[in-house]
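In what follows, a structure is listed as structure tokens, so that the remarks can point back to it.
Read-outs throughout are calculated quantities, based only on the coordinates presented, and are distinct from any laboratory measurement. Here the structure is a predicted model, which is why all the values come from computation and not from measurement. Cβ atoms come from the backbone with ideal geometry, glycine included; neighbour counts cover every protein chain shown.
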Amino acid sequence: MSWATDALDKVRTAAWREARRKGVAKKGAKDPVKGARWALLKNGGDLTAGQRAQLECVANTNETLWEAYKLKERLRMILRQTADEAAPLLRQWAADAFLSGIPGFVPLGEKIAKRHFGILGTIRSGLSNARLEAVNNKIKTTIKIGYGYRNLDNLIALVMPECGGLDLQLPDANNQ
């Protein structure tokens, strides 16, 4: 999803720049395209009434940006499916993104098509890298607290109270 939101934000930025170039953009967040950034990037089910109104404005003013948003939300729906259900949908999504001609989504369609089996494996395993990123952030923060360590044991002694209680269960390679 991160790839799709990055591509969508690039499309939004390009649309806003085009509106500015044509002289139809309003100043700052009052512009329907620029002001809709968070509404476009947010999960569709978590939108407020104001954000829904912003998306409706985008749908009425910028067809390319609206199509990019619909592609992003369709990918979100596909990634919530089981791996068997997602396989054909993901292939079709990659083809649709590639054929859309939307600058940020054409390379994304290619990227997802190339990594199709890896994405399905991630869906199958049910794992994400969120916990790993959280531990990594705690370690980096702990390292920044100190200014230098004479040996690795001192660093480990500081990191373990922060991260020591974790019980990360990795999937067994034989049971996948």
Among Cys57, Leu71, Gly44, flag the residue with its Cα farthest along the positive direction of the charge dipole of the stretch 9-101, charges on Cβ as +1 for Lys/Arg and -1 for Asp/Glu. Cys57
Of the listed pairs Lys34/Lys70; Lys114/Lys144; Lys34/Lys72; Lys70/Lys111; Lys72/Lys114, which have alpha-carbon separations greater than 28 Å here? Lys114/Lys144
Rounded to one decimal in nm, the spacing of the 7 Å Cα→Cβ label points at Lys138 and Lys114 is 3.5
I need to check one value: relative contact order of the chain, counting alpha carbon pairs closer than 8 Å and at least 6 residues apart, in percent. 18
Only Cα pairs under 8 Å and at least 6 apart count here; give the relative contact order of the stretch 73-123 as a rounded whole percent. 35
What size of dipole, in debye to the nearest 20, comes out for the stretch 2-125 about its Cα centre when the only charges are +1 on Lys and Arg C-beta atoms and -1 on Asp and Glu C-beta atoms? 540
If I take every Cα pair under 8 Å that is 6 or more residues apart in the stretch 26-128, average their sequence separation and divide by the length, what percent do I get for the relative contact order? 18
Give me P(r) over the chain, computed from all C-alpha to C-alpha distances, binned every 10 Å, as integer percentages. 9, 27, 24, 21, 15, 4, 0
For the chain, with +1 on Lys and Arg beta carbons and -1 on Asp and Glu, the positive-most of Thr122, Ala86, Thr5 along the dipole: Thr5
Quick one: net charge around Ala49, please, counting Lys, Arg +1 and Asp, Glu -1 for every other residue with C-beta under 15 Å from its C-beta. 0
Given a Förster distance of 22 Å, the FRET efficiency implied by the Cβ-Cβ spacing of Lys22 and Leu99, rounded to the nearest 0.05, works out to 0.25
So which residue, out of Gly118, Gly35, Gly23, gets the largest mean-square fluctuation from a GNM of the chain using Cα contacts under 10 Å as springs? Gly23
